[in-house]
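Down below is the structure, laid out as structure tokens.
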Amino acid sequence: MNADTAAWEQHSAARVVPPVEPRKLAKVPFVELADGRLQGVVSSGSDAARVYVSSITASTYGFSCSTNNNRPCGGLSGYYTCKHLQALADEAVRQYGLDRVARYLRVEVGEGENLIDRMKGRREPAPAAVVFSRFLRHLAYLELPETVEPLPEMHWFPSSSAGVR
Amino acid sequence: MLGVQLAALVGTPAGVEEALGLADGLDDALVHGLGRLGEQRAAALAALAGALEGSPLGRPVSEATGKLAAGSVADEQIAALAGARAAVFGAVHDALLARLDAALGRERAAWEEPAGTGGGDVPANLLSGCRSWLNELAIAGWRGVDHDLVSASDQTLEAVLAEPRLRRLGVLLDGLAAELRASCPVATMDRLPVRRWADLWARGVLLAQPGLPGGGAPETVSGRLLPLGVDVHEHGTAVQIEVHGVLESSGGTRLVRTGVAAPKVDTIVGPAVWQLLGGHPVLMAALAERRSVTVQDLPLSAGHLRWDDARATLAEAADPFATARLMLAGSVAPAVPPLERHPVRISEPVLVEGHTVNGTTWSLDGHEIEVDVERLPSCGPLTPALVAASTSCIGLLRWDGGRWRLQPLAVQATVKKKPVEAHTGDWALGPTDPKVVKAVAKSGDVVTVLRERAGRLLRK
Ligand SMILES: [Zn+2]
């Protein structure tokens, strides 16, 4: 262990999660790397009231796409992904950067290659209801009130210049 | 700030390294889990307990470490350990802040124990839910954290976040859970933020104790607030702006902090975060337009002015650099509440002028300080290039990883032979740089998009 590593480990404000990059949210309002999957919610192109819940599992690359009411996506077939999964992968790369997504999914993506083309998985069942409820929970943050009480613990979470510019 | 003042900061105060070494023993035990301590780590905990001998914490901590060594891990032992760690870091904080005050010649008010009692009733089941998750983390150790253990906090955290009286605890644990989730499975990580996670864990354990002391009755103040700068704190689901300023009131001229915090999601980043704080237009205008504010009957407690836009009126222009030059030296700094004493909270406003720049190292009369350009918030106009071109800087002195660093809040600089000025709060009413306006427009109005979705999906 070199001196730098020791120093990082002894920093209270060490950075663990890099901030995400800004991106348009209208088409894919929710993307996350969680529970061993890349998962998220994709708007339907035709029906404003409908969304698709899509996910790809790390390592096996098993994929799934269905409406939030659990109807399977018509665009999926045995080994072929639908446009929602494409959009999910593209937006994940925008949000987290290719490196972080590829590392999480354990896939090697070479120069000029498309993430989703490098994952040859097949359709597999996934907990769409769980992902959709995580999306609702995500949105619920915006309904919580602000506070003027000090949150001194936020000193552990400095804002950073990484990301936006 | 003068070169001689920087010189007075050199070297760690006596006892700090030894104290941190004792805490490292506990932090290491948390990496591997209190569930299987082993002799060596049990000895490290005993050493920590030994250091507290003779203090009120001495007996409970030594009893707790004894029980832990015997394999018993329960609420009581966990609380004692977290208390021991907080005492160590509190002492380190006090030593560092005393050194800083002495170097700056800064007068600081003495702490007065509030006469009030507890912080009021908070739902006991939520506190115990948090404690049991924190206990599980401690037993498993960071290396044993997996998706299931992180997800185990979901329901409790959701309920805690919905309880305004537990906002501190909720925001802290939510930040910790997100880091653990992103790091899962932790066993495969090359390196761990050992001190950081132990910090967050220990503070969480303390905040999850029932009957935590309340803040006591605040003083009510009226007067003029002159902002010095804005410190921005942010994780995936929360943003806080902390405004440092000088308050002139009948109580004298004092350094105060005020601010607002809002919940958010990770995709709201950069200048968009100001939209979440739009409910405080007077404060935001004061920052964006660099004006002073007249405040009427605001509660002030331990240096924190509890903001209320309805009791604030925008007043004349107030250049923060003029405020720093004329008033910083004569303002009295507040005492830090005991439960907040940790080196990470040290953030003292200073003015640095006449420095020479060598990368991120600045020197003043031959004495050096590192500048932390990673801490420039993405919601404001400060960039590493502007900071490097600076001739004057308002910043916060912070201590982490064994050294002092300067975190810029505002700079006056010379760019292409022209004077420019930038403050972290310049965009509080929206970005003013056309290039940034354009970049932000590219990702659309994310706050509105998400609020619209929330409105449709959460209330149908
Ligand atoms: Zn689909």
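The set of residues in segment A:120-143 that are of a type in the set (A, V, I, L, M, F, W, C) and either open to solvent by 60 Å² or more (accessible area, probe 1.4 Å) or more than 16 Å from the chain's Cα centre (by Cα) (or both) comprises A:A129, A:V130, A:A140, A:L142.
Under the condition of being touching a helix residue (DSSP H, G or I) at 6+ places or on another chain (Cβ under 6 Å) and under 30 Å from B:A389 (Cα atoms), the residues counted in segment B:427-460 number 5.
Just wondering, is there one or more residues in segment B:163-182 that are in a loop (DSSP other than H, G, I, E, B) and facing chain A (nearest Cβ under 8 Å)? No - not one qualifying residue is present in segment B:163-182. Residue under question is B:S222, and the condition is that it be more than 10 Å from every other protein chain (Cβ to nearest Cβ), among the small types (G, A, S) and within 30 Å of B:M284 (Cα to Cα); does it hold? Here the answer is yes, as B:S222 does meet what is asked.
Conditions (1) more than 11 Å from chain B (Cβ to nearest Cβ); (2) not β-branched (V, I, T); (3) not in a helix (DSSP H, G or I), marked per residue:
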| position | (1), (2), (3) |
| --- | --- |
| A:S59 | yes, yes, yes |
| A:A92 | yes, yes, no |
| A:D117 | yes, yes, no |
| A:A126 | yes, yes, yes |
| A:F135 | no, yes, no |
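It is to be established whether one or more residues within segment B:125-142 are closer than 30 Å to B:W404 by Cβ and buried (at least 20 other Cβ atoms within 10 Å of the Cβ). Scanning segment B:125-142, I find at least one residue that is closer than 30 Å to B:W404 by Cβ and buried (at least 20 other Cβ atoms within 10 Å of the Cβ), so the answer is yes. The condition (being among the β-branched types (V, I, T), surrounded by fewer than 16 Cβ atoms within 10 Å (Cβ to Cβ) and either away from chain A (no Cβ under 11 Å) or under 20 Å from B:H244 (Cα atoms) (or both)) is satisfied by just one residue among B:T391, B:T360: B:T391. Note on segment B:445-459: residues that are within 30 Å of the chain's Cα centre (by Cα) and surrounded by 13 or more Cβ atoms within 10 Å (Cβ to Cβ) amount to 7. Residues that are over 26 Å from A:R23 (Cβ atoms) and among the acidic types (D, E): does segment B:426-447 have at least one? Checked against the condition, which is being over 26 Å from A:R23 (Cβ atoms) and among the acidic types (D, E), segment B:426-447 yields no hits at all. For segment A:52-62, taking the residues that are within 12 Å of the ligand (Cβ to nearest atom) and free of Cβ contacts under 8 Å to residues at least 60 places away in the same chain, the one that is surrounded by the fewest Cβ atoms within 10 Å (Cβ to Cβ) is identified as A:Y52. Of the numbered conditions (1) at the interface with chain A (Cβ under 9 Å from one of its Cβ atoms); (2) within 27 Å of B:L283 (Cβ to Cβ); (3) modelled with pLDDT of 95 or more, B:L339 fails exactly one; give the number of that condition. B:L339 satisfies all of (1) at the interface with chain A (Cβ under 9 Å from one of its Cβ atoms); (2) within 27 Å of B:L283 (Cβ to Cβ); (3) modelled with pLDDT of 95 or more except (3). I need every pair where a residue in segment A:78-95 that is on the phi < 0 side of the Ramachandran plot and free of Cβ contacts under 8 Å to residues at least 24 places away in the same chain has its Cβ under 7 Å from the Cβ of a residue that is away from the ligand (no atom under 12 Å from the Cβ) and among the β-branched types (V, I, T), sequence separation at least 6 or different chains. Taking only residues 6 or more apart or on different chains, the pairs are A:V93/A:V101.
Kindly check whether there is at least one residue in segment B:62-80 that is closer than 30 Å to B:L397 by Cα, open to solvent by less than 50 Å² (accessible area, probe 1.4 Å) and out of contact with any Asp or Glu (no Cβ under 7 Å at 6 or more places or on another chain). Scanning segment B:62-80 turns up no residue that is closer than 30 Å to B:L397 by Cα, open to solvent by less than 50 Å² (accessible area, probe 1.4 Å) and out of contact with any Asp or Glu (no Cβ under 7 Å at 6 or more places or on another chain). Being open to solvent by 60 Å² or more (accessible area, probe 1.4 Å) and part of a helix (DSSP H, G or I) is a description that applies to B:E18. Taking segment A:28-53 as the range and being in a loop (DSSP other than H, G, I, E, B) and modelled with pLDDT under 95 as the test, the residues that pass are A:D35, A:G36, A:S44, A:G45, A:S46, A:D47, A:A48, A:A49, A:R50. When segment A:69-86 is filtered for residues that are more than 20 Å from the chain's Cα centre (by Cα) and not in a loop (DSSP other than H, G, I, E, B), the ones remaining, listed by number, are A:P72, A:S77, A:Y80.
Do we find a residue being free of Cβ contacts under 8 Å to residues at least 40 places away in the same chain, open to solvent by 40 Å² or more (accessible area, probe 1.4 Å) and under 23 Å from the mean Cα position of the chain (by Cα) anywhere in segment B:147-161? Yes, segment B:147-161 has at least one match. Look at (1) basic (K, R); (2) touching a Ser or Thr at 6+ places or on another chain (Cβ under 9 Å); (3) open to solvent by 10 Å² or more (accessible area, probe 1.4 Å); (4) in a helix (DSSP H, G or I) and you find that B:R196 fails only one, number (3). The residues of segment A:83-100 that are open to solvent by 30 Å² or more (accessible area, probe 1.4 Å), within 16 Å of the ligand (Cβ to nearest atom) and in contact with a Leu (Cβ under 9 Å, 6 or more places away or on another chain) amount to a single one, A:D90.
Quick grid of which residues meet (1) within 12 Å of the ligand (Cβ to nearest atom); (2) farther than 24 Å from B:G175 by Cβ; (3) within 11 Å of chain B (Cβ to nearest Cβ); (4) aromatic (F, W, Y):
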site: A:A13; (1), (2), (3), (4): no, no, yes, no
site: A:E21; (1), (2), (3), (4): no, no, yes, no
site: A:S43; (1), (2), (3), (4): yes, yes, yes, no
site: A:S46; (1), (2), (3), (4): no, yes, no, no
site: A:S64; (1), (2), (3), (4): yes, yes, no, no
site: A:N70; (1), (2), (3), (4): no, yes, no, no
site: A:G78; (1), (2), (3), (4): no, yes, no, no
site: A:T81; (1), (2), (3), (4): yes, yes, no, no
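Screening B:R459 on (1) more than 30 Å from B:G90 (Cα to Cα); (2) within 8 Å of another protein chain (Cβ to nearest Cβ); (3) out of contact with any Phe, Trp or Tyr (no Cβ under 8 Å at 6 or more places or on another chain) shows it passes everything except condition (2). Among all positions in segment A:110-118, there is no residue which is more than 16 Å from the chain's Cα centre (by Cα), within 16 Å of the ligand (Cβ to nearest atom) and more than 15 Å from A:L33 (Cβ to Cβ). Just one of the numbered conditions (1) within 12 Å of the ligand (Cβ to nearest atom); (2) part of a helix (DSSP H, G or I) is not true of A:R103: (1). Can you name every residue in segment B:366-387 that is open to solvent by 30 Å² or more (accessible area, probe 1.4 Å) and out of contact with any helix residue (DSSP H, G or I) (no Cβ under 8 Å at 6 or more places or on another chain)? Hits for segment B:366-387 are B:E370, B:E374, B:T383, B:A385, B:L386.
Reported count of residues in segment B:412-429, each being in contact (Cβ under 8 Å) with a residue 40 or more places away in the chain and open to solvent by less than 40 Å² (accessible area, probe 1.4 Å), is 8. Quick check: is even one residue across segment B:32-40 open to solvent by 50 Å² or more (accessible area, probe 1.4 Å), part of a loop (DSSP other than H, G, I, E, B) and aliphatic (A, V, I, L, M)? No, segment B:32-40 contains no residue that is open to solvent by 50 Å² or more (accessible area, probe 1.4 Å), part of a loop (DSSP other than H, G, I, E, B) and aliphatic (A, V, I, L, M).
Within segment B:245-357, which strands (runs of 3 or more DSSP E) (wholly inside it) include 3 or more residues that are open to solvent by less than 10 Å² (accessible area, probe 1.4 Å)? Let's see the steps before the verdict.
Values: elements: B:252-263, B:291-301, B:312-317, B:348-353.
Strands (runs of 3 or more DSSP E) meeting the threshold: B:252-263, B:291-301, B:348-353.
The values are calculated or read from the model by the stated rules, or taken from the named source; none is laboratory data. Just so it is clear, the model here is predicted, and its values are computed rather than measured. Here the Cβ is made from the backbone with ideal geometry for all residues, glycine too, and neighbour counts use every protein chain on show. Surface areas here come from the heavy atoms of the whole protein model, side chains and all, with no ligands, DNA or RNA. Shrake-Rupley method; radii C 1.70, N 1.55, O 1.52, S 1.80 Å.
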